[in-house]
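Report on the structure given below.
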Amino acid sequence: RNTESVDAAGADIDERLDQAGVRTLQTTTKSNSRYVLDQHMVMIYVFLLVVAGILGVIGALGLVTTVSLNVTERRREMGILRAIGATPARVALIVMIEGVVVAAAAWLLAALVARPLGESIGEFLLGRMFRSEIELLVQIDPTGVVIWLVISIVGSALASLGPAWQAARTPVREALMYE
């Protein structure tokens, strides 16, 4: 039940086996095996978090590029909005909302596809590794889904800041002359 009694029992078993003429190479307990397995899982978990972070940064860079191109292509439209009375803050808000909507749509698509895709890839890999049909049950934590929604929205808002600032600072005359 505690570490000391388990270690004492292991030492007692080793001593009795030694007296019986049986040489032991290694003694391990379920708790030690579980600890080693948990440490390996922590390494995999950290690796997956790092990969997810890298993919998030790449996604944010892609969103910055997309929103910047969108602002450039719609410069004349933004100029018309400014000419009819839209404030620079309102134009910036429009650009940021568009970026957030794109990120929310991407999140929704990912949330819908994650489970079936994860199950099919997992079953394929398990089938290849163990050469048998193993039924895999993929469970997705709803808290993680919500966390990624928040990260997506905040990240897209931050990624849209630069293009929104650019759209808000463009003078009306220059925006209307752009073709």
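The values are calculated or read from the model by the stated rules, or taken from the named source; none is laboratory data. Treat the numbers as computed from the prediction; the structure is a model and nothing was measured. Cβ sites come from the backbone with ideal geometry, for glycine too, and all protein chains shown count toward neighbours. Please note that ligands, DNA and RNA were not included when accessible areas were found on the heavy atoms of the full protein model with its side chains. Shrake-Rupley method; radii C 1.70, N 1.55, O 1.52, S 1.80 Å.
Would you pick out the residues in the range 60-80 that are open to solvent by 40 Å² or more (accessible area, probe 1.4 Å) and over 13 Å from R169 (Cα atoms)?
L61, V64, T65, T66, L69, N70, E73, R74, R76, E77, I80
Might you let me know whether the range 47-58 holds any residue that is open to solvent by 80 Å² or more (accessible area, probe 1.4 Å) and farther than 28 Å from V102 by Cβ?
Yes, the conditions are met somewhere in the range 47-58.
If I ask for residues that are outside any loop (DSSP other than H, G, I, E, B), over 22 Å from V57 (Cβ atoms) and β-branched (V, I, T), which ones from the range 131-179 would you list?
Hits for the range 131-179 are T143, V172.
Go through the residues of the range 100-111 one by one and say whether even a single one is of a type outside the set (F, W, Y) and more than 24 Å from the chain's Cα centre (by Cα).
no
Looking at the range 118-130, can you tell me whether even one residue there is without any contact (Cβ under 8 Å) to a residue 60 or more places away in the chain, surrounded by 11 or more Cβ atoms within 10 Å (Cβ to Cβ) and of a type in the set (S, T, Y)?
The answer is yes; a qualifying residue exists.
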